[in-house]
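Chemist: Have a look at the structure that comes next, please.
The values are calculated or read from the model by the stated rules, or taken from the named source; none is laboratory data. Model, not experiment: these values are computed from the prediction. Virtual Cβ from ideal backbone geometry, glycine too; neighbours counted across all protein chains shown. SASA here: full protein model, heavy atoms, side chains in, ligands and nucleic acids out. Shrake-Rupley method; radii C 1.70, N 1.55, O 1.52, S 1.80 Å.
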Amino acid sequence: MTKSSNELLSDREFLRKIEKLKKLYPEEKSALLAMLHLCQSEMGYISLEIQEFIAKELKLSPAHIKGVVTFYEMFFDKPKGRNLIQVCRTLPCMLAGGEILFEHISTKLGIKEGQTTSDGKWTLMTVECLACCDKGPAIMINDTLYTRVSPREFDEIIKDYR
Amino acid sequence: MALVWIDGKEIVVEKNETLLQAALREGIYIPYYCYHPSLSIVGQCRMCLVKIEGMPKLMTACNTYVPELPKEKKIDGKYDMKVYTRTEEVKEARRGILEFLLLNHPLDCPICDQAGECQLQIYSYEYGNARSDFRFEKLHFPKRVELGEHIVYDAERCIKCTRCIRFCNEITKTQELTLIDRGANTYVDTFEGKKLNNPYSVCTVDICPVGALTFKEFRFKERVWFLQGSNSVCPECSRNCAIRVDTYKGEIMRIVPRFNPEVNNYFMCDFGRLLSERIKNKELRNSPAIKENGAFKVKSEKEFYTTLLSKITRKYNSNEVSVILSGRMTNEEIEAYKVFSLIVFGEVVGEFLYVTGDEDKILIKKEKRANYFGAKTLKMKFTKENEDVTHLIKNKKLVVIIRENVFKGKKEEDIKKNAPSLETVVTFDTFFTETAQLSDFYVPLAGWFEMEGTVINFNGQLQKISKCITPPKGRKPFYDVVSTVLTILKDMDTSDFKSEKTKEIESIKKVLEEFKNREVMNKGFYPWFKEVKNAIPEIKNLSLKDLTSFGIFLKESGNG
Amino acid sequence: MIVKRPVLKWWERLYLPVVEDGLLTTFRHLFKKKVTVQYPEERWVPPEGFRGAPVLLTGLDGREKCTSCKLCMFICPPQAIRIVAGETEHPIEKYPQEFYIDYGLCIFCGYCQEVCPCEAIWLKHEFELADFDRTNLIFGKDKLLQMGRQEPYLKGKEKPLKKG
Amino acid sequence: MVNILIPAIIKIVVVLGVLLTAVAYTTLAERKISAYLQDRYGPNRVGPFGLFQPVADGIKFFFKEDITPKRVFRVTYYLAPMCTLIPALITFAVIPFGESVSLNGTSYRLWIAENMDLGLVYLLAVSSLGVYGIILAGLSSNNKYSLLGSLRSVNQVVSYEIALGLGILPIAISCGGFNLDEIVRAQEKGIWFVVPHFVAFLIFLVAIFAETNRLPFDLPEGESELVGGYHTEYSGLRFAMFFMGEYANMITASALIVILFFGGWSLTFIKYEIFGSILAAILSVLVFCAKVAFFVFFFIWVRWTLPRFRYDQVMNLMWARLLPAGFLYLLIVGLFYFLLE
């Protein structure tokens, strides 16, 4: 999960997967999102070198890849922490105390939105609706959804993560 | 083909035409930002909303094609679509769109270079609210980003119309630009380390409807409402892109492309555009000068030409004379040169220097001088491609150079070595170049933007250049120089020519006599333009009025 | 509106009583208090809103407020203002590299003050600008800013920037 | 011969000197009075109360550049200012300004043209000469304003000459002659003519205002419409001559009013005989000067009070009002004396 770009680009397995993805779609370009997902899962983020590599593979411009990477919230073009906390910031969650929760998380971890803790454990982000408006405030840590999270519960939850 | 009713006007819309294109063609006013005639259609800005009968919502005119309805379904029995562009609903929608566009737009018109030609200003004035209801802090974006060598980007001013991105994708196909991030945080950027440095990059500034992209060389130089635009033609290659030269108080501030569908569409290359920067700080002289004891001495016009003519007129055989001409000469100047040569050398001598360079498939052409095809049409001789000039001056006694810097980077000894017999070098040029410094006689000519004339491009398009700035009195176009020469010759004592052959003097007189009645003695552009008309049969009956800003197409000239 | 000519009585048409009236009126003024200001000894204090010499103001950060938008240069009826714009590192990217006002041309109309979006130019109460040399009347940026700093009655009277 | 010539020359020099000084100070008076009437101070920088202002003005006029416009008719252009000034000055010759002085047994009249019987006629004749200067100036200036001004002037002066005559004739009838000294003497004995001949006085006053081109009859100059009228194209000393002529005319006119209607130097209740010859002469001259000064003041006062007439009003006043009134009054006076005889 934490390979460097060079390691990844010299990884035979990875290159084989890329070739496979290219053939999967009627048009090569369509493989872009799948490739990005693959890279993200391999590296944790999509570095500039990888972006350029994909651009070359798919005969697109690097700028275009950059546009796609920055467009989707789940792609990262910079290294992120081991765990990702996504806090819903939409109105229902905010009304249910999302703001207080977010501030609690922020002070507890000592980071602001979009930042990573110095030990590389946590990255904090706000997202639009997590589709749990009836059970706000909602947060998502990595791929696990937590609803009706109070600050105290949050403290309990994060104990399980390394 | 469909019939559309727009605000009471019946318009026929072609099949591949959108509503906006049809409306603009018919002079119906619909505001837009992202639409550009030579770019693809994206419907990004939503400014061109119109009311279409039968549609629940307002539609963007720029990407609405008109289908042809079956006969029984036609509205009012004959229309395929009924469109309203001036209802309150539409105006309200435009006001709303403008408010959205201006939510995070800084109010910095006083320092913005686009102010005065900014579409946001124009439409705000027309549709916008006097003040915004947005009371929160505006979003902040990167400012003063150097996207490329000549381009500065201000993301706060950007309205994300993506014209620049589409230009790079579709016209230059270099694809440097992209939209970064999403939603309200979107802005334009390049990939790291890959700047917007293609040969047409500054065109993005032209097509930017707001002040987000600014031309670095023109940045903060002058407000656009002070500028005076004059139509001209780019002299840097045989494409002859139509340009507008913006001047302020006799100084060229910038060069922008002018729409000419036959030549350059809406664009021009950066090289041509930066001509305005290149001609700055070049040494200029304002009166003719003669080299005496190694230093140039300024002479009065009459004294100068008397000395010059008595030194060169019919003194050499034509094989002792070499005249190097330039594709920077306009048709009128070429025609005037023919007269000059006829009188001074007894026949039309001289070769055009054929300078070539890179070319691409968009605009830049191989021939690096503007008027080769004019010279070709006027039946002048050319040198071979990019030839060295040494053999041209070898064994010659007199060398006349017009508008070319042939001795660039050469010293006097080099020339002496190549051409020991060389007696006199006469240079006619705008700038006081190295060649001019090495010559014995130097005549300053009016520059490309300082004179009137006509030029013919590679495709046979005849265009007119106009006087964008007025040069000082001593700097004239070459045709005015020839007019002066003719006037002075008329008054000169023939014994000054130092020619023993009375026959030749008689022939000079004969030529003079002929030209006396042809009005070319009167200085100015028009009589020489008449000469050009006489020389090219195709435009015999052309008047200056017929020469619109697009110019006219000559079938016989040109490559194809 | 049509003002009707009054029909005059016969003694009025004689003109003499009116003349006498007028003469008496002017005669009374012979002895009234004189209003002349004896200029070099007495000095006139301009009222608020008086339009004197236009000067440049400095903002609270000590920088000139002018952003060199050249609107004053554009609006100035006698074209007495000349600005050369320049670029700075400051977040406000533009500043006037050179700023000249020719008081020999200025007509003190106040358009520049009115048009200025940054409230950087202000018509001071100063009106004694005469000089023997015209070239001395062309004031550069330094001098204009210095004159602006000496403006005591502007303190605390700066209008807040318009919102919007 | 010498006995006559030397006193005459002395009188001429003295009178001319006094007159020109008076003209200079009248200009100051004009400015001062106009200022005071308008709640100002007027010139007060040159000397105490601005008393040296006329000197400064004079110096200025002398050193000012004299501009001759292109395409003027030179001869008359240069002649015109003199034509205005000289008649204005020589009119004063027939004005008696005091009692006689006895020196060494000889009696000298304080009158340049001693005992001139046709004094009034001379006066009328010479004063109408002044209009030639204006005509010439207007015609030769090559300027439409000048031309219009001079045209108006001629019309006005010629018209009002009649009214002037009609104002004088009743006096002449009642005195039996045109001798100005006799007119003064006639008033010395009885009452000032202003009382019995009030109508004549009014007519004469209006006419003399028009004759001197003073407001409300300053149509020839009419700054607001004709720039400067006939003297638009003049500058420097030539303009000064027009200026002086105008003011000299004003003083002469005042003197004439004083002599004709206000008893000259006479004071009705005090007889000069009681003072002795020299003192009487000095006193009489002073009294005369005081009266003239008052009328000069009156001229100025009127100028800064009344607005200018319109041209048609000027003509209407003359031909429709003053002329019938004058003739009627002349008829009445004539009949009166006819019946008296």
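Chemist: Name the residue that is modelled with the lowest pLDDT, counting only residues in the stretch A:112-137 that are open to solvent by less than 90 Å² (accessible area, probe 1.4 Å) and more than 17 Å from the chain's Cα centre (by Cα).
Modeler: A:Gly136
Chemist: For the stretch C:77-101, which positions are open to solvent by 30 Å² or more (accessible area, probe 1.4 Å) and of a type in the set (A, V, I, L, M, F, W, C)?
Modeler: The answer is C:Val84, C:Ile92.
Chemist: Kindly evaluate D:Ser284 against the criterion of being of a type in the set (Ser, Thr, Tyr), open to solvent by less than 30 Å² (accessible area, probe 1.4 Å), modelled with pLDDT under 85 and out of contact with any Phe, Trp or Tyr (no Cβ under 8 Å at 6 or more places or on another chain). Before the answer, list the steps.
Modeler: Numbers: of a type in the set (Ser, Thr, Tyr): yes; open to solvent by less than 30 Å² (accessible area, probe 1.4 Å): yes; modelled with pLDDT under 85: yes; out of contact with any Phe, Trp or Tyr (no Cβ under 8 Å at 6 or more places or on another chain): no.
No; evaluated as a whole, the condition is false for this residue.
Chemist: Separate question: Among the residues of the stretch B:146-164, is any at pLDDT 90 or above and in a helix (DSSP H, G or I)?
Modeler: Looking for residues that are at pLDDT 90 or above and in a helix (DSSP H, G or I), one finds at least one in the stretch B:146-164, hence yes.
Chemist: Looking only at the stretch B:199-226, count every residue that is of a type in the set (A, V, I, L, M), surrounded by fewer than 22 Cβ atoms within 10 Å (Cβ to Cβ) and within 14 Å of chain C (Cβ to nearest Cβ) and tell me the total.
Modeler: 1
Chemist: Which residues, counting only those in the stretch B:93-109, are open to solvent by 40 Å² or more (accessible area, probe 1.4 Å) and either more than 14 Å from chain C (Cβ to nearest Cβ) or over 23 Å from C:Pro91 (Cβ atoms) (or both)?
Modeler: B:Arg95, B:Glu99, B:Phe100
Chemist: On to the next question. If you check D:Asp39, D:Asp117, D:Asp66, D:Asp57, which single one turns out to be acidic (Asp, Glu) and at positive phi? Working first, answer last.
Modeler: Numbers: D:Asp117 fails: at positive phi; D:Asp66 fails: at positive phi; D:Asp57 fails: at positive phi.
Of D:Asp39, D:Asp117, D:Asp66, D:Asp57, the one residue that is acidic (Asp, Glu) and at positive phi is D:Asp39.
Chemist: Let me confirm something: among D:Glu233, D:Glu225, D:Glu246, D:Glu273, which residue is acidic (Asp, Glu), open to solvent by 70 Å² or more (accessible area, probe 1.4 Å) and either closer than 30 Å to D:Asp66 by Cα or not in a helix (DSSP H, G or I) (or both)? Even if it seems obvious, please write down each step before you answer.
Modeler: Values: D:Glu233 fails: open to solvent by 70 Å² or more (accessible area, probe 1.4 Å); D:Glu246 fails: open to solvent by 70 Å² or more (accessible area, probe 1.4 Å); D:Glu273 fails: either closer than 30 Å to D:Asp66 by Cα or not in a helix (DSSP H, G or I) (or both).
On inspection, the qualifying residue turns out to be D:Glu225.
Chemist: Would you point out the residue of the stretch D:188-213, among those that are outside any helix (DSSP H, G or I) and either aromatic (Phe, Trp, Tyr) or touching a Lys or Arg at 6+ places or on another chain (Cβ under 6 Å) (or both), that is surrounded by the fewest Cβ atoms within 10 Å (Cβ to Cβ)? Can you show your working first?
Modeler: Here is the first cut: in the stretch D:188-213, the residues outside any helix (DSSP H, G or I) are D:190-197, D:212-213.
With the extra rule that they be either aromatic (Phe, Trp, Tyr) or touching a Lys or Arg at 6+ places or on another chain (Cβ under 6 Å) (or both), the set shrinks to D:192-193.
Numbers: D:Trp192: 19, D:Phe193: 22.
Step by step, filter the stretch D:188-213, then rank; the result is D:Trp192.
Chemist: Further question on the same structure: Applying the selection to the stretch B:451-470, what residues are among the β-branched types (Val, Ile, Thr) and open to solvent by 10 Å² or more (accessible area, probe 1.4 Å)? Break it down stepwise before answering.
Modeler: Step one: filter the stretch B:451-470 for residues among the β-branched types (Val, Ile, Thr), giving B:454-456, B:465, B:469-470.
Answer for the stretch B:451-470, where residues must be among the β-branched types (Val, Ile, Thr) and open to solvent by 10 Å² or more (accessible area, probe 1.4 Å): B:Ile469, B:Thr470.
Chemist: Determine whether the stretch B:147-166 contains at least one residue that is away from chain A (no Cβ under 14 Å), under 26 Å from the mean Cα position of the chain (by Cα) and open to solvent by 30 Å² or more (accessible area, probe 1.4 Å). Working first, answer last.
Modeler: Taking the stretch B:147-166 first, the residues away from chain A (no Cβ under 14 Å) are B:149-152, B:154, B:156-159, B:161, B:163.
Pick out the ones that are also under 26 Å from the mean Cα position of the chain (by Cα) and you get B:149-152, B:163.
In the following step, the residues that additionally are open to solvent by 30 Å² or more (accessible area, probe 1.4 Å) were identified as B:149.
Scanning the stretch B:147-166 turns up at least one residue that is away from chain A (no Cβ under 14 Å), under 26 Å from the mean Cα position of the chain (by Cα) and open to solvent by 30 Å² or more (accessible area, probe 1.4 Å).
Chemist: Can you find even one residue in the stretch B:116-139 that is at pLDDT 90 or above, part of a helix (DSSP H, G or I), open to solvent by less than 20 Å² (accessible area, probe 1.4 Å) and closer than 27 Å to B:Tyr200 by Cα?
Modeler: yes
Chemist: What number goes with the only condition from (1) open to solvent by less than 20 Å² (accessible area, probe 1.4 Å); (2) modelled with pLDDT of 85 or more that C:Gly104 does not pass?
Modeler: (1)
Chemist: Of everything in the stretch C:38-76, what is farther than 24 Å from C:Pro91 by Cβ and surrounded by 11 or more Cβ atoms within 10 Å (Cβ to Cβ)? Give them in sequence order.
Modeler: To start, the set of residues in the stretch C:38-76 that are farther than 24 Å from C:Pro91 by Cβ comprises C:38-55, C:74-76.
Selection gives C:Gln38, C:Pro46, C:Phe50, C:Arg51, C:Gly52, C:Ala53, C:Pro54, C:Val55, C:Phe74, C:Ile75, C:Cys76.
Chemist: Next question, about the same structure. B:Pro420 passes all but one of (1) in contact (Cβ under 8 Å) with a residue 40 or more places away in the chain; (2) over 30 Å from B:Lys545 (Cα atoms); (3) surrounded by fewer than 19 Cβ atoms within 10 Å (Cβ to Cβ); which number fails?
Modeler: Here B:Pro420 meets the rest and fails (1).
Chemist: Just the residues that are under 22 Å from D:Val75 (Cβ atoms) and hydrophobic (A, V, I, L, M, F, W, C), please, taken from the stretch D:105-147.
Modeler: D:Leu129, D:Val131, D:Ile134, D:Ile135, D:Leu136, D:Ala137, D:Leu139, D:Leu147
Chemist: Among the residues of the stretch C:144-157, is there at least one that is at pLDDT 90 or above, more than 14 Å from chain B (Cβ to nearest Cβ) and surrounded by fewer than 18 Cβ atoms within 10 Å (Cβ to Cβ)?
Modeler: No - not one qualifying residue is present in the stretch C:144-157.
Chemist: Which ones in the stretch B:123-146 are free of Cβ contacts under 8 Å to residues at least 12 places away in the same chain and either of a type in the set (Asp, Glu) or away from every other protein chain (no Cβ under 12 Å) (or both)? Please lay out each step first, then the result.
Modeler: First pass over the stretch B:123-146, keeping only residues free of Cβ contacts under 8 Å to residues at least 12 places away in the same chain: B:125, B:130-131, B:135-137, B:144.
Listed by number, the residues that qualify are B:Tyr125, B:Phe136, B:Glu137.
A quick yes/no check of all residues on (1) crowded, with 18+ Cβ neighbours inside 10 Å; (2) away from chain C (no Cβ under 14 Å):
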{"residue": "D:Val18", "(1), (2)": "no, yes"}
{"residue": "D:Tyr25", "(1), (2)": "no, yes"}
{"residue": "D:Lys32", "(1), (2)": "yes, no"}
{"residue": "D:Asn44", "(1), (2)": "no, no"}
{"residue": "D:Gln53", "(1), (2)": "yes, yes"}
{"residue": "D:Ala56", "(1), (2)": "no, yes"}
{"residue": "D:Phe63", "(1), (2)": "no, yes"}
{"residue": "D:Asp66", "(1), (2)": "no, yes"}
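Chemist: Another question, then. From the list A:Glu42, A:Glu73, A:Glu99, which residue is charged (D, E, K, R) and more than 30 Å from B:Gly193 (Cβ to Cβ)? Spell out how you get there, then give the answer.
Modeler: Details: A:Glu42 fails: more than 30 Å from B:Gly193 (Cβ to Cβ); A:Glu73 fails: more than 30 Å from B:Gly193 (Cβ to Cβ).
Only one candidate passes the filter, namely A:Glu99.
Chemist: Could you identify the single residue in D:Pro69, D:Pro96, D:Pro43 that is in a loop (DSSP other than H, G, I, E, B) and over 26 Å from the mean Cα position of the chain (by Cα)? Reasoning before the result, please.
Modeler: Working: D:Pro96 fails: over 26 Å from the mean Cα position of the chain (by Cα); D:Pro43 fails: over 26 Å from the mean Cα position of the chain (by Cα).
Criteria check complete, one pass: D:Pro69.
Chemist: So, one more: Of everything in the stretch C:129-143, what is surrounded by 10 or more Cβ atoms within 10 Å (Cβ to Cβ) and either in contact (Cβ under 8 Å) with a residue 40 or more places away in the chain or hydrophobic (A, V, I, L, M, F, W, C) (or both)? Give them in sequence order. Write out each step before concluding.
Modeler: Let us first name the residues in the stretch C:129-143 that are surrounded by 10 or more Cβ atoms within 10 Å (Cβ to Cβ), namely C:129, C:131, C:134, C:136-143.
C:Leu129, C:Leu137, C:Ile138, C:Phe139, C:Gly140, C:Lys141 - these are the residues of the stretch C:129-143 that are surrounded by 10 or more Cβ atoms within 10 Å (Cβ to Cβ) and either in contact (Cβ under 8 Å) with a residue 40 or more places away in the chain or hydrophobic (A, V, I, L, M, F, W, C) (or both).
Chemist: Further question on the same structure: Residues that are of a type in the set (Ser, Thr, Tyr), in contact (Cβ under 8 Å) with a residue 12 or more places away in the chain, part of a loop (DSSP other than H, G, I, E, B) and surrounded by 23 or more Cβ atoms within 10 Å (Cβ to Cβ): does the stretch B:433-450 have at least one?
Modeler: Restricting attention to the stretch B:433-450, the residues satisfying the condition of being of a type in the set (Ser, Thr, Tyr) are B:433, B:435, B:439, B:442.
Next cut, in contact (Cβ under 8 Å) with a residue 12 or more places away in the chain only: B:433, B:435, B:439, B:442.
Then drop every residue that is not part of a loop (DSSP other than H, G, I, E, B), which leaves B:433, B:439.
Now restrict to residues that are surrounded by 23 or more Cβ atoms within 10 Å (Cβ to Cβ): B:439.
Yes, the stretch B:433-450 contains a residue that is of a type in the set (Ser, Thr, Tyr), in contact (Cβ under 8 Å) with a residue 12 or more places away in the chain, part of a loop (DSSP other than H, G, I, E, B) and surrounded by 23 or more Cβ atoms within 10 Å (Cβ to Cβ).
Chemist: Among the residues of the stretch A:5-21, are any touching a strand residue (DSSP E or B) at 6+ places or on another chain (Cβ under 7 Å) and open to solvent by less than 40 Å² (accessible area, probe 1.4 Å)?
Modeler: At the first step, the residues of the stretch A:5-21 found to be touching a strand residue (DSSP E or B) at 6+ places or on another chain (Cβ under 7 Å) are none.
No, the stretch A:5-21 contains no residue that is touching a strand residue (DSSP E or B) at 6+ places or on another chain (Cβ under 7 Å) and open to solvent by less than 40 Å² (accessible area, probe 1.4 Å).
Chemist: Looking only at residues that are under 43 Å from the mean Cα position of the chain (by Cα) and hydroxyl-bearing (Ser, Thr, Tyr) in the stretch C:5-30, which one is nearest to the other protein chains (Cβ to nearest Cβ)?
Modeler: Per the criteria, the residue is C:Thr26.
Chemist: Taking the stretch B:167-179 as the search range and keeping residues that are open to solvent by 10 Å² or more (accessible area, probe 1.4 Å) and in a strand (DSSP E or B), which one is nearest to the other protein chains (Cβ to nearest Cβ)? Full working, then the answer.
Modeler: At the first step, the residues of the stretch B:167-179 found to be open to solvent by 10 Å² or more (accessible area, probe 1.4 Å) are B:169-176, B:178-179.
Among the residues that remain, those that are also in a strand (DSSP E or B) are: B:178-179.
Details: B:Thr178: 4, B:Leu179: 5 Å.
The extreme case among them is B:Thr178.
Chemist: Tell me which strands (runs of 3 or more DSSP E) are completely within the stretch C:31-106 and hold 2 or more residues being away from chain B (no Cβ under 14 Å), or say none if there are none. Spell out the reasoning first.
Modeler: On the way: elements: C:54-56, C:81-87, C:94-102.
Where strands (runs of 3 or more DSSP E) fall fully within the stretch C:31-106 and carry at least 2 residues being away from chain B (no Cβ under 14 Å), they are C:54-56, C:94-102.
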